[in-house]
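Accompanying notes for the structure given below.
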Amino acid sequence: MKRLLIATTNAAKFAEYRLLLNGHHLDLLSLRDLGIDAEAPEDGASFAENALLKARFYFDRAGVATLADDGGLEVDALGGAPGVRSHRWLGEGADDRALAEEIVRRMAGVEPVLRTARLRAAAALVFDHDGERRERVVEAAFEGTIADRCYPRIQAGFPYRAVMMVPGRGCYLAELGEEDAARLSQRRMTVEALRDELKRVAAGG
């Protein structure tokens, strides 16, 4: 079985990729599995740039097909913020709850029709195919609205699920079970968009 590095140290994200890539006949590895503790640059101007920077960085170090992503929350009433700095916009010391609660605070008083937002993800896959290096970047988004308060339980690594309401279901994204959330997630959409390339990785050439 061919190996695929999921370039993350986020345990919740790695677990979601295990669900999403089940049946792809790939042996999934994390950065910890390969003993890689170097941090990739994330100074791109977009999610797509950051995803590709990370995929290239870890592919060069691991020597195996590498999938990396970058993403975050875009709130229309906040001009698209926090955007590409979603996990760093309050500084390096801010935890998941602080991030979620700050969104709710900044959206106080905004009428329901203007509370639209999305969780966006860009995924980059770098791999060897017939002796040539191949790269593909895709993007997708889960569309929803911002709640007027945080969901009490915040899943580590996924702070903004605690403020996103699921359209047509009247519940928080954070309320859903792992499999249900994965089926709706922006990462599922990127995996589907990369289906042909992932098949090539699994085939080994």
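Among residues of the stretch 1-22 being touching a helix residue (DSSP H, G or I) at 6+ places or on another chain (Cβ under 7 Å) and among the charged types (D, E, K, R), the one that is farthest from G204 (Cα to Cα) is E16. The residue of the stretch 78-101 that is nearest to L28 (Cα to Cα), among those that are of a type in the set (A, V, I, L, M) and in contact (Cβ under 8 Å) with a residue 40 or more places away in the chain, is V84. Checked against the criterion of being at pLDDT below 95 and buried (at least 20 other Cβ atoms within 10 Å of the Cβ), the stretch 137-157 has at least one qualifying residue. Quick one: how many residues across the stretch 44-71 are assigned to a helix (DSSP H, G or I), more than 16 Å from the chain's Cα centre (by Cα) and either closer than 22 Å to E16 by Cβ or of a type in the set (K, R) (or both)? The total comes to 6. Among residues of the stretch 160-205 being modelled with pLDDT of 95 or more and not in a helix (DSSP H, G or I), the one that is surrounded by the fewest Cβ atoms within 10 Å (Cβ to Cβ) is C171. Within the stretch 72-91, not a single residue is assigned to a strand (DSSP E or B), more than 26 Å from V163 (Cβ to Cβ) and at pLDDT 95 or above. Residues that are under 14 Å from L67 (Cα atoms), free of Cβ contacts under 8 Å to residues at least 12 places away in the same chain, part of a helix (DSSP H, G or I) and not aliphatic (A, V, I, L, M) do occur in the stretch 4-18. Once the stretch 95-114 is narrowed to residues that are part of a loop (DSSP other than H, G, I, E, B) and of a type in the set (D, E, K, R), the residue that is modelled with the lowest pLDDT is D95. The one condition from (1) closer than 22 Å to V201 by Cα; (2) free of Cβ contacts under 8 Å to residues at least 40 places away in the same chain; (3) in a loop (DSSP other than H, G, I, E, B); (4) of a type outside the set (G, A, S) that P41 does not meet is (1).
The values are calculated or read from the model by the stated rules, or taken from the named source; none is laboratory data. Bear in mind that the values here come from a model prediction, so they are computed numbers and not experimental data. We place every Cβ from the backbone using ideal geometry, glycine too, and count neighbours over all the protein chains shown.
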